[in-house]
Amino acid sequence: MKKREKGAYWRMIRPHTLTASFIPVLLGTFIVLGQVELKLGLFLAMLIASVLIQIATNLFNEYYDYKRGLDHEGSIGIGGSIVRDGFTPGQVLGIALGMYGVAAVLGLYIAASTSWHLIWIGVLSMVVGFLYTGGPLPIAYTPFGELVAGLFMGYVIIGISGYLQIGTVTTELLLVSFPMALLIGAILLANNIRDLDNDKVNGRKTIACLVGHRRAVLVLAGFFIAALIGIIVAVVGFGVTPWVLLSLLTIPIMIRAVKRFWVKQEPAQLMPAMAMTAKVNTLFGAWMVLGLMVARFIA
């Protein structure tokens, strides 16, 4: 067994990916805060549970990809806890299940404080997190990975976060969920574009595998454009505060990411484009949250 380097546990949780879980919680919470005072306990419980479920999903991904022989020391873009940092597959799986256990306790607190119906949404979210790369037909190996990730990490997290504060799901929550769902899906699509050749060899049927590199890049550009249109429509057509249009400041990064994916095809060459795609998701959501805070401050 390899000796673990300092920071191995930190690398294990893949901190650079976690904005995809906590930004939606912030967004769903802040968009309704003008109507109620913050329920801090529920906010923190939702935030921590969402992050734990995402970390666990990342670890299930690492465990099953290793077990299927897809990850090795030369693999690009993986977490590397097993093949580089000396963790055994059993340890990685155990940590993931432990995080699910803590998230479940937080879910019970949330449900007891609001509605027991949320239990079923929480259970479904955890099952989907496991089945994303686990089970006989992992969701990540199909063309539906981007859709499922966007649905649960966009609509579900944002919707529940707002519901915990005001007891209902508003039109505004649904409107801001749309661009975030697309941008979360874009992160997965970017990952699959990078891994296209390896995924084909291993029998995956992702969107990128089905349509090829160039068309997949066009789909990615379509995700970006639809997200931009979605937030503009929310402001112009439904009265969402214009301050959320600060998110349009991410357009130059979107353009750079698409250009990089278009002209490069080797996995190592595509890592900067992947980082840019993740940055778009983070900054787009962060600018919206900031815009909501400014709107509340000047109201």
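The values are calculated or read from the model by the stated rules, or taken from the named source; none is laboratory data. Note that the structure is predicted; figures quoted are calculated from it, not measured. Here the Cβ positions follow ideal geometry from the backbone for every residue, glycine too, while neighbour counts run over all protein chains shown. Side chains are part of the model used for accessible areas, which takes the heavy atoms of the whole protein and leaves out ligands, DNA and RNA. Shrake-Rupley method; radii C 1.70, N 1.55, O 1.52, S 1.80 Å.
If you go through the range 123-138 one residue at a time, how many are in contact with a helix residue (DSSP H, G or I) (Cβ under 8 Å, 6 or more places away or on another chain), closer than 15 Å to K205 by Cβ and surrounded by fewer than 20 Cβ atoms within 10 Å (Cβ to Cβ)?
1
Could you count how many residues in the range 143-199 are without any contact (Cβ under 8 Å) to a residue 60 or more places away in the chain, assigned to a helix (DSSP H, G or I), out of contact with any Phe, Trp or Tyr (no Cβ under 9 Å at 6 or more places or on another chain) and of a type in the set (V, I, T)?
The number of residues fulfilling the criteria is 1.
For the range 156-173, which positions are surrounded by fewer than 23 Cβ atoms within 10 Å (Cβ to Cβ) and either within 11 Å of the chain's Cα centre (by Cα) or farther than 24 Å from L44 by Cβ (or both)?
T171
So T133 clears everything in (1) under 14 Å from S50 (Cβ atoms); (2) of a type in the set (V, I, T); (3) assigned to a loop (DSSP other than H, G, I, E, B) except one condition, right? Which one?
Of everything listed in (1) under 14 Å from S50 (Cβ atoms); (2) of a type in the set (V, I, T); (3) assigned to a loop (DSSP other than H, G, I, E, B), T133 misses just condition (1).
Of everything in the range 112-122, what is open to solvent by less than 70 Å² (accessible area, probe 1.4 Å) and closer than 19 Å to M153 by Cα? Give them in sequence order.
L118, I119, I121, G122
Considering only residues of the range 80-105 that are open to solvent by 20 Å² or more (accessible area, probe 1.4 Å) and touching a residue at least 60 places away in the same chain (Cβ under 8 Å), which is farthest from V123 (Cα to Cα)?
So the residue we want is R84.
Report, ordered by the first and then the second residue, all pairs with beta carbons closer than 8 Å, sequence separation of six or more or different chains, a first member in the range 281-299 that is within 10 Å of I31 (Cα to Cα) and open to solvent by 40 Å² or more (accessible area, probe 1.4 Å), and a second member that is modelled with pLDDT of 90 or more and part of a helix (DSSP H, G or I).
M293/F30; R296/F30
Looking at the range 274-299, which of its residues are under 21 Å from the mean Cα position of the chain (by Cα) and of a type in the set (F, W, Y)?
Matches in the range 274-299: F284, W287.
When the residues of the range 214-253 are filtered to those that are in a helix (DSSP H, G or I) and among the polar types (S, T, N, Q), which remaining residue is farthest from D197 (Cα to Cα)? It would help to see each step written out before you state the result.
To start, the set of residues in the range 214-253 that are in a helix (DSSP H, G or I) comprises 214-238, 242-253.
Right, trim to among the polar types (S, T, N, Q) and you get 247, 250.
Numbers: S247: 33, T250: 29 Å.
In this case the residue turns out to be S247.
Taking the range 251-295 on its own, how many of its residues are over 18 Å from V219 (Cβ atoms) and among the polar types (S, T, N, Q)?
Residues that pass the stated criteria total 2.
What helices (runs of 4 or more DSSP H) lie completely within the range 1-120 and have 1 or more residues being modelled with pLDDT of 85 or more?
Here the list reads 19-30, 40-67, 89-113.
Out of (1) within 25 Å of L220 (Cα to Cα); (2) touching a residue at least 12 places away in the same chain (Cβ under 8 Å), what's the single condition that is false for L131?
The number of the failed condition is (2).
So, of the residues in the range 185-213 that are open to solvent by 20 Å² or more (accessible area, probe 1.4 Å), of a type in the set (A, V, I, L, M) and farther than 17 Å from A227 by Cβ, which turns out to be modelled with the lowest pLDDT?
Applying the filter and picking the extreme gives V201.
Scan the range 208-230 and give yes if some residue there is more than 20 Å from L147 (Cα to Cα), aliphatic (A, V, I, L, M) and out of contact with any Gly (no Cβ under 6 Å at 6 or more places or on another chain), otherwise no.
no
Please work out which residue is nearest to I253 (Cα to Cα), limiting yourself to the range 215-242 and to residues that are open to solvent by 50 Å² or more (accessible area, probe 1.4 Å) and at pLDDT 95 or above.
Step one: list which residues in the range 215-242 are open to solvent by 50 Å² or more (accessible area, probe 1.4 Å), which gives 215, 218, 225, 229, 232-233, 236-239, 242.
Now narrow it down to the ones that are at pLDDT 95 or above: 215, 218, 225, 229, 232-233, 236, 242.
Values: R215: 20, L218: 16, I225: 13, I229: 16, I232: 18, V233: 21, V236: 24, P242: 21 Å.
Filtering first and then ranking leaves I225.
Is it the case, given these coordinates, that W262 is open to solvent by 70 Å² or more (accessible area, probe 1.4 Å), part of a helix (DSSP H, G or I) and within 21 Å of F30 (Cβ to Cβ)?
Here the answer is no, as W262 does not meet what is asked.
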